[in-house]
Amino acid sequence: MTKIIKCALLIDDDKVTNFYNKRVVSKLDNFQEVNTVTNGEMALDYIINSKNGLCKKPDLIFLDINMPAMNGWEFIEEFNKLDTSFTSSIKIVILTTSNSKEDYEKSLSNATVDDFINKPLSVDLLSNLIENHFSIETY
């Protein structure tokens, strides 16, 4: 049976990267909806709006680290302040070009981060991600 992710949210300040990643994610039947935002503040607004029923709650967030205004780590800090009864089921995957050992180690020690992968996103990476993090058949 196919593991279904009802909604994925791509957070990246580069619109071309968001466009590319959305196309890659959309190639898999596992994803019903894919949305994009270009910064951490917009992502927080999206999550608050989803809690209020204005948009679909993301099951999975792909988060860039290096963004202006609010970087990925700052987003995680603010995300952790939200209602955990709502956010606890949302998986966050760092999707970055960063080769920083510090960023990788920080992701390992951060309970909110479920995985750390380097760009570019690919169908194989997505398939492995789904297999490793979505053990229940449907979400």
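Points to keep in mind about this one:
- Residue ID - farthest from T96 (Cα to Cα), chosen from residues in region 38-47 that are touching an Asp or Glu at 6+ places or on another chain (Cβ under 8 Å) and surrounded by fewer than 20 Cβ atoms within 10 Å (Cβ to Cβ): L44
- One residue stands out among those in region 95-116 that are farther than 22 Å from F134 by Cα and not hydroxyl-bearing (S, T, Y): the one that is modelled with the lowest pLDDT, which is N99.
- Taking region 50-69 as the range and being touching a Leu at 6+ places or on another chain (Cβ under 8 Å) and either more than 20 Å from I5 (Cβ to Cβ) or in contact (Cβ under 8 Å) with a residue 40 or more places away in the chain (or both) as the test, the residues that pass are P58, L60, I61, F62, L63, D64.
- Selection count where residues are of a type outside the set (A, V, I, L, M) and surrounded by 14 or more Cβ atoms within 10 Å (Cβ to Cβ), scope region 78-91: 4
- Hey, L126 touching a Leu at 6+ places or on another chain (Cβ under 8 Å), at pLDDT below 95 and either over 21 Å from V25 (Cα atoms) or surrounded by 18 or more Cβ atoms within 10 Å (Cβ to Cβ) (or both) or not: yes
- Sole exception among (1) without any contact (Cβ under 8 Å) to a residue 40 or more places away in the chain; (2) touching a helix residue (DSSP H, G or I) at 6+ places or on another chain (Cβ under 9 Å); (3) not in a loop (DSSP other than H, G, I, E, B) for N132, by number: (2)
- Within region 94-114, tally of residues that are crowded, with 18+ Cβ neighbours inside 10 Å and within 15 Å of K3 (Cβ to Cβ): 0
- The residue that is surrounded by the most Cβ atoms within 10 Å (Cβ to Cβ), counting only those in region 1-28 that are in contact with a Ser or Thr (Cβ under 6 Å, 6 or more places away or on another chain) and in contact (Cβ under 8 Å) with a residue 24 or more places away in the chain, is L10.
The values are calculated or read from the model by the stated rules, or taken from the named source; none is laboratory data. From a predicted model like this one, the values you see are computed outputs, not experimental measurements. All Cβ positions, glycine included, derive from the backbone under ideal geometry; neighbour counts span all protein chains shown.
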